[in-house]
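For reference, the structure discussed in these notes is given below.
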Amino acid sequence: MIGEMWSTLFVFVPASFIGLGVIRRVSRLLHTPLMSLANAISAIAVVGAIIVTGGDGPTWIRVLGAVALFASTTNIVSGFLITDRMLKMLKTPGSGAAGPGESKGKA
Amino acid sequence: MSDVTQLSYLVASALFILALHWMNTPATARKGVWAGVAATTIAVLSTWALPGVSPHLWIVLAIAAGFLVGVPLSKVPLTAVPQRTALSHAFGGAAAGLVGAAEFYLGRMEGPQQLTKFRMVALLAEVLLGFLTLTGSLMAVGKLQEVKWVPQRSVTYPLQNVANLGLFGVVLALAGALVVDPPPPGRRSPSPG
């Protein structure tokens, strides 16, 4: 069990630094889509929901899993779709790569 | 868990990091979305294929319901995007809290060696933060959507902060008690005892 705790922490700490490093220089234009993408990615908790729903536990526990699975799937589907929709809007002809109101943004 | 499952999780993690990295600039941003979709699909399919995961109908129904609600939610007008984001946070919190609660009861049935102190701390943090996110985000949805039974003014009462902090203290104390003195193993009963 000690092994489990340390191996989990060995993933957790580097992952925190990678997360910080990867998003630190995101252009201002992309803050909203990034938030929405991160929201969709966080729905990877769906993996736990699948294991609980498909497990051999009693029915009421599998119901909890199924509700969680429904909620996470909703986040995955709407999260990725809406992020893509936002990004498509960024590239509408006329406004160029940078949307209106972005002139004061420092990239 | 087989090597194949672990390998696919490793690939999915790498794709998630790439997805966030590609969101750095508009030129690669849409590629980032596709990396995220690919990573999620890989993780979901390899979890679904695990030998311990059996009743496929439940999973199919829950995923289908998720698509039914998720697709319309992604088509809301731009003015409603803040509410959608808040609702999405509420769903995410609910999912985390429910999975945490389910894992606790499953671990309790399997025996005391399952609920180590480390796992209890992780589960309690998951459940506490998950349901805190659920209720808080639902309030935010109500205010942003201007639902009529959610007042727009801020609701205050005397000693509000003391009351809230006190309640949070009680929750932390209960959580601490569960970690220090884990519950005895439960039976496989039809309802939580």
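The values are calculated or read from the model by the stated rules, or taken from the named source; none is laboratory data. Worth saying up front: this structure is predicted, and the values here are computed from it rather than measured. Quick reminder, even Gly has a Cβ in these numbers, built from the backbone with ideal geometry, and neighbours come from all protein chains shown. Remember, those area values only see protein heavy atoms, side chains included, never the ligands or the DNA or RNA. Shrake-Rupley method; radii C 1.70, N 1.55, O 1.52, S 1.80 Å.
Right, B:S46: of a type in the set (S, T, N, Q) and outside any helix (DSSP H, G or I) or not? Write out each step before concluding.
On the way: of a type in the set (S, T, N, Q): yes; outside any helix (DSSP H, G or I): no.
Spelling it out, it is not the case that B:S46 is of a type in the set (S, T, N, Q) and outside any helix (DSSP H, G or I).
Could you check how many residues of region B:21-36 are in a helix (DSSP H, G or I), open to solvent by 40 Å² or more (accessible area, probe 1.4 Å) and facing another protein chain (nearest Cβ under 7 Å)?
So the answer is 2.
Count, please, the residues in region B:84-112 that happen to be charged (D, E, K, R) and more than 20 Å from B:L178 (Cβ to Cβ).
Restricting attention to region B:84-112, the residues satisfying the condition of being charged (D, E, K, R) are B:84, B:103, B:108, B:110.
Keeping just the survivors that are more than 20 Å from B:L178 (Cβ to Cβ) gives B:84.
Looking only at that region, the number is 1.
Kindly indicate which of A:G65, A:G79 is modelled with pLDDT under 95, under 16 Å from the mean Cα position of the chain (by Cα) and at the interface with chain B (Cβ under 7 Å from one of its Cβ atoms). If you could, list the steps in order and put the result at the bottom.
On the way: A:G65 fails: under 16 Å from the mean Cα position of the chain (by Cα).
The match here is A:G79.
From B:A62, B:A86, which residue is buried (at least 18 other Cβ atoms within 10 Å of the Cβ), more than 7 Å from chain A (Cβ to nearest Cβ) and in a helix (DSSP H, G or I)? Working first, answer last.
Values: B:A62 fails: more than 7 Å from chain A (Cβ to nearest Cβ).
From the options B:A62, B:A86, the qualifying one is B:A86.
Are any residues in region B:49-59 in a helix (DSSP H, G or I) and more than 14 Å from A:V47 (Cα to Cα), and if so, which ones?
Kept after step one, since they are in a helix (DSSP H, G or I), are these residues of region B:49-59: B:56-59.
Passing the criteria: B:H56, B:L57, B:W58.
Answer with yes or no whether B:V76 is under 23 Å from A:F70 (Cβ atoms), assigned to a helix (DSSP H, G or I) and of a type in the set (V, I, T).
On the way: under 23 Å from A:F70 (Cβ atoms): yes; assigned to a helix (DSSP H, G or I): no; of a type in the set (V, I, T): yes.
It is false that B:V76 is under 23 Å from A:F70 (Cβ atoms), assigned to a helix (DSSP H, G or I) and of a type in the set (V, I, T).
Of these, B:V69, B:V81, which one is more than 7 Å from every other protein chain (Cβ to nearest Cβ), over 12 Å from the mean Cα position of the chain (by Cα), over 13 Å from A:V46 (Cβ atoms) and free of Cβ contacts under 8 Å to residues at least 24 places away in the same chain?
Values: B:V69 fails: more than 7 Å from every other protein chain (Cβ to nearest Cβ).
Sole residue among the options that is more than 7 Å from every other protein chain (Cβ to nearest Cβ), over 12 Å from the mean Cα position of the chain (by Cα), over 13 Å from A:V46 (Cβ atoms) and free of Cβ contacts under 8 Å to residues at least 24 places away in the same chain: B:V81.
Evaluate region B:49-59: report whether one residue or more is polar (S, T, N, Q) and either under 21 Å from A:T59 (Cβ atoms) or in contact with a His (Cβ under 6 Å, 6 or more places away or on another chain) (or both).
Taking region B:49-59 first, the residues polar (S, T, N, Q) are B:54.
Next, only the ones that are either under 21 Å from A:T59 (Cβ atoms) or in contact with a His (Cβ under 6 Å, 6 or more places away or on another chain) (or both) stay: B:54.
Yes, region B:49-59 contains at least one residue that is polar (S, T, N, Q) and either under 21 Å from A:T59 (Cβ atoms) or in contact with a His (Cβ under 6 Å, 6 or more places away or on another chain) (or both).
Which ones in region A:14-34 are more than 7 Å from every other protein chain (Cβ to nearest Cβ), free of Cβ contacts under 8 Å to residues at least 24 places away in the same chain and either assigned to a helix (DSSP H, G or I) or within 19 Å of B:F91 (Cα to Cα) (or both)?
Of region A:14-34, the ones more than 7 Å from every other protein chain (Cβ to nearest Cβ) are A:14-17, A:19-21, A:24, A:28, A:31-32.
Still in the list and also free of Cβ contacts under 8 Å to residues at least 24 places away in the same chain: A:14-17, A:19-21, A:24, A:31.
Passing the criteria: A:P14, A:A15, A:S16, A:F17, A:G19, A:L20, A:G21, A:H31.
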